[in-house]
Amino acid sequence: MRLKTSFIPSLFTILNLFSGFFAITKVIEGAYISAIILIILASIFDALDGKVARLIGKDSRFGIEFDSLADIVSFCLAPSILIYNVYLSELEIVGAMIAFFPLLFGAIRLARFNVIAQSTGRKSYYLGLPVPVSAITMTSYLWFNYSIYKNYGDPRILLPMVVTLSFLMVSKIRFSLLPHISFKRSIHYSIRSAIILLIFISMVIKPGFVIFPFFTLFIVYHIINWMNGYEEPRIVIARRRGERNG
């Protein structure tokens with residue numbers, strides 16, 4: 001029996017969902033670094049399902065909804081459980097309320113994304129911090145500290161970060177997609193692409209050291225631009241097109 005091509009993007013969504021579920025089991029076992037790696041792996045599958053769907057022309061309403069449900073598990077529930085187990089379990093209900101932030105605001109962020117996608121279609125920028133970026137940033141903080149200090153970091157730093165990232169997910173700040181890599185344009189663009197490529201390679205070679213600083217800089221960069229009233233040209237172009245179409 002031949003597999004329908006429309007099911008191919010959903011295979012990546014299933015892998016995303018399973019990675020998130022498996023990450024939760026690793027948190028329960030106390031294998032926190034393995035859980036973080038699985039959350040990052042889920043983000044790779046999450047990026048692939050949308051790209052494959054658009055590549056084969058099978059981008060569907062069902063795919064968007066299924067993807068969001070998987071994202072809630074992988075990038076909202078799994079990080080919340082990880083943060084609770086590592087830092088907040090002794091605080092019981094108070095700790096659970098703090099750890100609930102990524103799950104609550106992540107779910108709101110995904111619901112808003114689905115409404116926007118349904119009314120205007122996919123955009124070339126994100127309104128609010130994407131849930132995978134939030135999940136990777138807060139969980140890679142643990143990995144970063146473990147790689148350097150062999151501990152999971154200071155909760156006095158992480159917990160304010162968790163609250164901040166949670167609110168950023170439902171903010172009006174526009175975040176660009178990850179930068180394109182091309183060596184066929186100007187010299188400036190080629191140098192920029194080479195730097196980005198080196199960063200990605202370093203994330204593969206030394207993920208525990210590089211991922212957290214990279215995503216932190218990515219977020220800070222957009223916050224500074226927002227505070228200064230600056231937006232990347234492709235965000236401005238995409239927003240104007242959306243306003244004209246709307």
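The values are calculated or read from the model by the stated rules, or taken from the named source; none is laboratory data. All values reported here derive from a predicted model rather than from experimental measurement. As a convention, Cβ positions derive from the backbone with ideal geometry for all residues, glycine included, and neighbour counts pool all protein chains shown. All accessible areas refer to the heavy atoms of the entire protein, side chains included, with ligands and DNA or RNA removed. Shrake-Rupley method; radii C 1.70, N 1.55, O 1.52, S 1.80 Å.
At least 1 residues that are more than 18 Å from the chain's Cα centre (by Cα) in each: list the helices (runs of 4 or more DSSP H) lying fully within region 1-96 that qualify. If you could, list the steps in order and put the result at the bottom.
Working: elements: 8-29, 32-55, 61-71, 78-83.
The qualifying helices (runs of 4 or more DSSP H) are 8-29, 32-55, 61-71.
One line per residue, one yes/no per condition, for (1) β-branched (Val, Ile, Thr); (2) free of Cβ contacts under 8 Å to residues at least 60 places away in the same chain:
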{"residue": "PHE22", "(1), (2)": "no, yes"}
{"residue": "LYS26", "(1), (2)": "no, yes"}
{"residue": "TYR32", "(1), (2)": "no, no"}
{"residue": "ILE40", "(1), (2)": "yes, no"}
{"residue": "LYS51", "(1), (2)": "no, yes"}
{"residue": "ASP59", "(1), (2)": "no, no"}
{"residue": "GLY63", "(1), (2)": "no, yes"}
{"residue": "LEU91", "(1), (2)": "no, yes"}
{"residue": "GLY106", "(1), (2)": "no, no"}
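When region 38-85 is filtered for residues that are crowded, with 17+ Cβ neighbours inside 10 Å and β-branched (Val, Ile, Thr), the ones remaining, listed by number, are ILE39, ILE40, VAL52, ILE64, ILE72, VAL73, ILE81, ILE83.
For region 98-119, the criterion of being open to solvent by less than 30 Å² (accessible area, probe 1.4 Å), part of a loop (DSSP other than H, G, I, E, B) and either at pLDDT below 95 or more than 26 Å from ILE224 (Cα to Cα) (or both) is satisfied by no residue at all. Taking each residue of region 194-207 that is under 16 Å from PHE218 (Cβ atoms) and open to solvent by less than 70 Å² (accessible area, probe 1.4 Å) and looking for partners that are polar (S, T, N, Q) and at pLDDT 85 or above with beta-carbon atoms closer than 9 Å, six or more apart or interchain, yields PRO207/SER140; PRO207/SER147.
Of all residues in region 153-171, exactly one satisfies the criterion of being open to solvent by less than 40 Å² (accessible area, probe 1.4 Å), within 15 Å of PHE212 (Cα to Cα) and not in a helix (DSSP H, G or I), namely GLY153. The residues in region 149-164 that are out of contact with any helix residue (DSSP H, G or I) (no Cβ under 8 Å at 6 or more places or on another chain) and among the β-branched types (Val, Ile, Thr) can be counted, and the count is 1. Limited to region 6-23, what total is found for residues that are modelled with pLDDT of 95 or more and either buried (at least 21 other Cβ atoms within 10 Å of the Cβ) or not hydrophobic (A, V, I, L, M, F, W, C) (or both)? Qualifying residue count for the region: 5.
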